[in-house]
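The structure appears below as C-alpha cells.
Just so it is clear, none of the values below were taken in a lab; they were calculated from the coordinates. This one's a predicted model, so the numbers in the text were calculated from it and none came from an experiment. Glycine gets a Cβ as well: all are built from the backbone with ideal geometry, and neighbour counts include every protein chain shown.
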Amino acid sequence: MLHAEHVRAGRAALKISQVELADICGVSFNTIYKIEEKCGLLRQSKVDTLEKIKNGFAKKGITFFEKDGDAIIRVSPKNPLIND
C-alpha cells in the first residue's frame with residue numbers, strides 16, 4: 001500500500017521537485033501535486049497510477065512498506081542521488 005506520506009518522503013529523500021518526480025514516474029505534475037496534498041493511505045487513486053509512482057521511485061532506489069500501521073520508506077545506499 002502507498003501512503004501520501006511515502007510520496008512526500010520519497011521525493012524529499014531524492015531532493016527532487018514534483019515536476020521531476022512526475023517525469024520519472026510517467027504521470028502528470030497535477031497527479032503528484034494532488035497525491036501529496038492528501039494524508040494517509042491512497043485508497044481512491046488509480047491502481048495503475050500508484051504502480052507508476054512506486055516503480056518510478058524503485059528505479060531511484062526508494063521502496064515503501066507499511067509496518068504496524070506506519071508508512072515506512074527505505075532508501076537504497078546504492079542510490080547515487082543520495083550519496084552526493
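How much FRET efficiency would the formula 1/(1 + (r/R0)^6) give for I16 and D68, where r is the Cβ-Cβ distance and R0 is 22 Å, rounded to 0.05?
0.15
According to a simple spin-label model (label point 7 Å from Cα along Cα-to-Cβ), what is the distance in nm between A58 and S76?
Distance between the two pseudo-spin positions: 1.1 nm.
Can you compute the FRET efficiency between D23 and V47 using 1/(1 + (r/R0)^6), with r the Cβ-Cβ distance and R0 = 22 Å? Round to the nearest 0.05.
0.55
May I ask you to derive the relative contact order of the range 4-75, considering only C-alpha pairs under 8 Å and at least 6 residues apart, and to give it as an integer percent?
With pairs under 8 Å counted, the relative contact order is 35 percent.
Divide by every residue of the chain the summed helix terms, -39500 (n - 2.57) for each DSSP H run of at least 4, and state the resulting mean residue ellipticity at 222 nm, rounded to the nearest 500 deg cm²/dmol.
-14500 deg cm²/dmol
If the cut-off is 16 Å between C-alpha atoms, which aspartates and glutamates fall inside it for K52, apart from same-chain ones fewer than 8 positions away?
Once the sequence-local aspartates and glutamates are set aside, what remains near K52 is E20, D23, E36.
With unit charges on the beta carbons (Lys and Arg positive, Asp and Glu negative) and the dipole taken about the Cα centre of the chain, which residue among V7, I35, V75 sits farthest to the positive side?
In the chain, that residue is V75.
Each residue of the range 20-25 in order: what ³J(HN,Hα) in whole Hz does its phi give by Karplus 6.51 cos²θ - 1.76 cosθ + 1.60, θ = phi - 60°, with x for Gly and Pro?
Here the 3J(HN,Hα) series is 5, 4, 4, 5, 4, 8 Hz.
At 37 °C and 0.692 mPa s, what whole-number value in µm²/s does Stokes-Einstein give for the translational diffusion of the chain, with Rh from the Kirkwood sum over Cα pairs?
259
Under a Cβ-only charge scheme (Lys and Arg +1, Asp and Glu -1), can you give me the dipole magnitude of the chain about the Cα centre, in debye to the nearest 20?
120
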